[in-house]
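The values are calculated or read from the model by the stated rules, or taken from the named source; none is laboratory data. Everything quoted here is computed from the prediction, not taken from an experiment. Every residue, glycine among them, receives a Cβ derived from its backbone with ideal geometry; neighbour counts consider all protein chains shown. Keep in mind that these areas ignore ligands, DNA and RNA; they rest on the heavy atoms of the full protein, side chains included. Shrake-Rupley method; radii C 1.70, N 1.55, O 1.52, S 1.80 Å.
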Amino acid sequence: MRIQERAAQFTAANQVRQLGIYPYFRPIDSDQDTEVIINNHRVLMLGSNNYLGLTNHPEVKSAAKAAIDRYGSGCAGSRFLNGTLRIHIELEEELADFVHKEAALLYSTGFQVNQGVISTLVGRDGAVVIDRTDHASIIDGCRLAFGRTVKFEHSDIDALERVLKSLNSLTPFIVIDGVFSMEGDIAPLPDIVRLAGQYNADVMVDDAHSIGVLGPNGEGTAAHFGLTEGVGLIMGTFSKSLASIGGFIAGDAAVIDFLKHHSRALIFSASPAPASVASVQAALKIIKREPERRAKLWANTRRLWNNLKSAGISYGRSQTPIVPILIGDDLDTFRVCAHLQEEGVFVNPVVSPAVGPGEALIRLAIMATHTFDQIDYAVEKIKLVLKKLGIQSKG
Ligand code: PMP
């Protein structure tokens, strides 16, 4: 099929546009904060992954500006050749120390970390074992790996054990989201690490939504459970709590060195820009210095849960600042988003394939910098819109 034909067959987006409820690529004309400007209107932002509210912190912004002044706007090459700056190495050391691992390696996005690490580490004698609801970047890493991929039902430990038993001579590599990005539940890591020990499996945890959120100091899921030793590789992104863009993998020094010399997503892609790196360094400093931000994030999360519960609105299996409201039908979900935006609240729709068919949801995400008043206002508006549309949250 020619590409024009393929494109012409895609009509779903236009159908939703014609209904006036198209929810994607909404242009924002302000900074990413608890309130944003859309179409000249101030809208409460309840769909950002800026969990600690650091994208507008003066220290983060001035670190980015200073890095541009010193190093320029880009590195014009990959880490492997001409694109390594002193601050890349500094940040790698800071991150390794933060998540209690020997070494770390930066990539230009979190997506590239998963793609580049899994595809490199799983050879023909291996099998990647993944939770069915793992992030798309993990799935793509599996697609590029030479080994087999086997999925188990979401957080189902018996299913995981059945898979591990069935692998025979293949070496298992278990890769899971620490916090699941759509429904906000935490992986049952203690059971996973126990099975990994029993079946000689390596474990990698995607901490995109856990860094800055879980753990005694915001170090992520492994630290939250006191299981840092049992998790060989910790992956993180900079596009959420760390207020920038990029990602990292942390683990044993020898494994990181192997990746440095084999991972194609690293070697054949330009290194993170100086401003991005310096922003992460500043954000990390603030995370370590101000644990009260994480405390406020959790207080806000509890406020949202309690308000939703009082309003009779289910928030699924949320255990974190990611709070889903299960709607079911895709178009209903888009309608809820559009009406909420009219009422001054920005939320994200999540439809298949990010969740199963018929399991569409709106995804709320809390920031440490939200006020209780903002959260109360949002829940009132959610209640109002669901009532107006005659939609009941499921679950
Ligand atoms: N893993 C998870 C669980 C994510 O949610 C995301 C981002 N949505 C990524 C990886 C990719 O991170 P990045 O935005 O840095 O590419």
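The figures follow:
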| item | result |
| --- | --- |
| All positions within the range 301-318 that are in contact with a helix residue (DSSP H, G or I) (Cβ under 8 Å, 6 or more places away or on another chain), under 18 Å from ASN49 (Cβ atoms) and hydroxyl-bearing (Ser, Thr, Tyr) | TYR315, SER318 |
| Unmet criterion (only one of (1) exposed (fewer than 14 other Cβ atoms within 10 Å of the Cβ); (2) among the basic types (Lys, Arg); (3) closer than 30 Å to ILE256 by Cβ) for ARG79 | (1) |
| Residue that is nearest to the ligand (Cβ to nearest atom), among those in the range 1-57 that are among the aromatic types (Phe, Trp, Tyr) and surrounded by 15 or more Cβ atoms within 10 Å (Cβ to Cβ) | TYR51 |
| From ASP131, ASP207, ASP185, ASP202, residue being more than 16 Å from the ligand (Cβ to nearest atom) and in the same structural domain as ALA222 (by TED's automatic domain parsing) | ASP202 |
| Residue in the range 139-155 that is within 16 Å of the ligand (Cβ to nearest atom), among the acidic types (Asp, Glu) and open to solvent by less than 30 Å² (accessible area, probe 1.4 Å) present | no |
| Breaking point among (1) within 16 Å of the ligand (Cβ to nearest atom); (2) in contact with a strand residue (DSSP E or B) (Cβ under 6 Å, 6 or more places away or on another chain); (3) under 24 Å from ALA145 (Cβ atoms), for LYS101 | (1) |
| Positions within the range 150-189 being without any contact (Cβ under 8 Å) to a residue 24 or more places away in the chain and in a helix (DSSP H, G or I), in sequence order | ASP158, ALA159, ARG162, SER166 |
| SER62 exposed (fewer than 12 other Cβ atoms within 10 Å of the Cβ) and among the hydroxyl-bearing types (Ser, Thr, Tyr) | no |
| Options GLU92, GLU59; residue that is part of a helix (DSSP H, G or I), closer than 16 Å to GLY251 by Cβ, of a type in the set (Asp, Glu) and in contact (Cβ under 8 Å) with a residue 12 or more places away in the chain | GLU92 |
| Condition broken by PRO27, with the remaining ones in (1) touching a helix residue (DSSP H, G or I) at 6+ places or on another chain (Cβ under 6 Å); (2) within 30 Å of VAL379 (Cα to Cα); (3) at pLDDT 95 or above satisfied | (1) |
| Breaking point among (1) under 16 Å from ILE130 (Cα atoms); (2) within 12 Å of the chain's Cα centre (by Cα); (3) part of a strand (DSSP E or B), for GLY236 | (1) |
| Failed item in (1) β-branched (Val, Ile, Thr); (2) open to solvent by 10 Å² or more (accessible area, probe 1.4 Å); (3) more than 15 Å from the chain's Cα centre (by Cα), with ILE186 passing the rest | (3) |
| SER108 open to solvent by less than 70 Å² (accessible area, probe 1.4 Å) and either free of Cβ contacts under 8 Å to residues at least 12 places away in the same chain or under 21 Å from SER244 (Cα atoms) (or both) | yes |
| Residues that are basic (Lys, Arg) and closer than 12 Å to ALA278 by Cα, drawn from the range 62-79 | LYS65, ARG70 |
| Some residue of the range 288-298 being open to solvent by less than 20 Å² (accessible area, probe 1.4 Å) and over 19 Å from the mean Cα position of the chain (by Cα) | no |
| Among the candidates LEU304, LEU284, LEU308, residue that is assigned by TED's automatic domain parsing to the domain that holds CYS75 and of a type outside the set (Gly, Ala, Ser) | LEU284 |
| Flag for SER119 being more than 13 Å from the ligand (Cβ to nearest atom), within 19 Å of ILE249 (Cα to Cα) and small (Gly, Ala, Ser) | yes |
